[in-house]
1. Any idea what the dipole of the stretch 202-264 comes to, in debye rounded to 20, about its Cα centre with Lys/Arg Cβ at +1 and Asp/Glu Cβ at -1?
2. Ignoring any ligand, DNA or RNA, what whole percent of the accessible area of the chain comes from carbon and sulfur when the probe is 1.4 angstrom?
3. Which residues' amide hydrogens lie under 5 Å from the amide hydrogen of Lys529, considering only partners 5 or more residues apart or on another chain, with H built in the peptide plane?
4. Hey, what did the stretch 302-383 get for relative contact order, percent, Cα under 8 Å, at least 6 apart?
5. Below 8 Å between Cα atoms, with a sequence gap of 6+, how large is the relative contact order for the chain in percent?
6. So what J values fall out for the stretch 327-333 if you push phi through Karplus, 6.51 cos²θ - 1.76 cosθ + 1.60 with θ = phi - 60°, rounded to Hz, Gly and Pro as x?
7. Largest first, what is the accessible-area ranking of Trp179, Trp357 with a 1.4 Å probe?
8. On a 1.4 Å probe surface of the protein chains, which of Leu164, Leu117 comes out largest in accessible area, and what is the full order?
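The values are calculated or read from the model by the stated rules, or taken from the named source; none is laboratory data. Just so it is clear, the model here is predicted, and its values are computed rather than measured. Neighbour counts run over all protein chains shown; Cβ positions are idealised from the backbone, glycine included. With ligands, DNA and RNA removed, areas are computed over all heavy atoms of the protein, side chains included. Shrake-Rupley method; radii C 1.70, N 1.55, O 1.52, S 1.80 Å.
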Amino acid sequence: MLRLMRENTGSWIIKVILGLIVLVFVFLGMGSMGSKTGGQVALVNDVPISMDAFRRSHQNVIEQMRQRFGDNLNDDLLKLLQVEKMAMDRLIEDMLISQEADALELTVSDAELQASLVSIPAFQKDGKFDIETYRRVLSLNRLSPEAFEPSHRETLRQNRVRELVLKNIKVTDPEARAWYRDNETKVSLNYLFSDPDTFQELTPTADQIQAYYEKNKAIYQSKPRVTVQYLSFSVDDFKGKAAISKDQVEAYYLANKDEFFSPAKVDASHILFRVAEDADDAAVDAAKKQAREVYDKAVAGEDFAQLAKTYSQDMSKDNGGYLGSFEKDDMVKPFGDKAFSMAVNEISEPVKTMFGWHIIKVNGRTEASTRSMEDATPDIEKKLENVDLKSLAYTAASTAFDAVIDGDDLEQAGLIAGATVLEKGPFDATGPKEMGENAPAFASVALSLPVGEISDVKEVEDTFYIIKPIDRDEPEDLPLETVKDKVVMAVKKELQDKKAKEAAQAWLDDAGPGKDLKTLADLKSLPLKSTAFFGKKETIPELGQSPDIVEAAFQLKDNTVYPGVLKGHDGYYLIAMKEQQVPEEANVQENLDDVKKSLLSMKQNAAYADWITALKEKSTIEIEPGFLE
């Protein structure tokens, strides 16, 4: 948890700056922008937001989504994420913050702007600001210093507003300790499981089948089918038409050095002697003594892997304690610090972590390195070539779509853009088979359109489409005789589920107040099972995704039965606490600084969001009617 928090906590100023430095053009989801015209899209306290500003914001949001979701990003996901609303919200918030900066008479001097620019790593060469690198990076992003610097100055000004809003937010040591204990406490459960599959003897009646079918007819319909005409603009159509210069390669390399950096790694094995976090001193000392005895055997020359198989209490014992290669921060701090301080083939004395005592052997190490630009050039050229090819394909698709906006039909738009109208169908949601993996995404767009309407530019993998449905078969109710097997199966599953819940409730009623689960299990001759330890944000290993059970588990105070039947993904459960692991004070203290930083960031983000909400509530904000529809 802490590592995840560390990875997501950083300088918000740097994140804002780096957000301006994107080195990939954006195409996905931009087709819909082509159909929106007009100079003004919103008013914020009587100050207009232009269509051009909205396009830029929309483009930035999509690029951030692309970086987050990668190849999984498509138009359906963009609709679900409401990227147009996100883009508008950001513009409105930026304008409100700028207006607040005006009210506070905040300014950024030329010297302050310059100091910020020279500190941005993307503009540096060999650790120092380089004017040529600066110009190349901006050029690669279709920006000039004259366009970028005023925007960056405004970003710095807005940052000052945020600093003023958040300057009094603090995190105390007691607050951080309480948060850490609460979030790092783990529990294990005893449980009884009522499995619906045990009630196989249930047979639905004819009336139950008919009633279920009538109630759920919409589930048992034929699939809608559609026939379409479309224009296709594939990246492959433009192969050989992209030329990448050395300057572009260098600019990309300098702006994305982290991509070519490989951190130091250690290859190691270990032998673990587990100690519970709440163990008393006697247990800790006993485990250390055992670890010391095995350490003496290892340094005396006994085979480390065999010692691990014999003595280790970690899952890695079957592999001779081998952990593979890892970065320093991949491990808990005491383990990582020790492993990275050791020489190859060195064996450590016992090291204490939250898991117990470790004996570490370093098998090898790889020092940190940065891949040279010469070595990286082929990969950079390929990446930039793909971007350019996609740009060419999207430009051709946009040309065709502009013709559609001007009133041309699909055939005429294709002639203008050098593409031929194609036809496919009828097909259902699985799409045309010949399109392979792209078929469902293509079908999703086609089925979302009314007959005769021409779509925006839609991206599916490396191809851009403009699609027009020309015929559609609407879904129809299938007769019960056709779907009876499916209906019977659904009704039986419903009956089994009900029976399993009733059985679990009967167990709970028999338990009565204050009775522990083992007594109940013995009374009913039921198998009592247990889980491994898990935290508040974790999945219970034995039960899978069961958020209600996790929430209930952390309400338990002792080993009495939880006062309710809980539904898991596969049946119904009665639970009681088996054990609780509370972090030791030493672990709390060890992580206190990281917790305070992470908790401060969370509190600041929440406070800033509340401040923005209050600012919006006292402002007059008008969005052009229908613009976001």
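1. That gives the stretch 202-264 a dipole magnitude of about 320 debye.
2. Answer for the chain: carbon and sulfur cover 49 percent of the accessible area.
3. Tyr191
4. 17 percent
5. Working: 912 pairs, mean separation 153.4, N = 629.
Relative contact order of the chain: 24 percent.
6. 8, 4, 6, 6, 10, 4, 4
7. Trp179, Trp357
8. So, going from the largest accessible area down, we get Leu164, Leu117.
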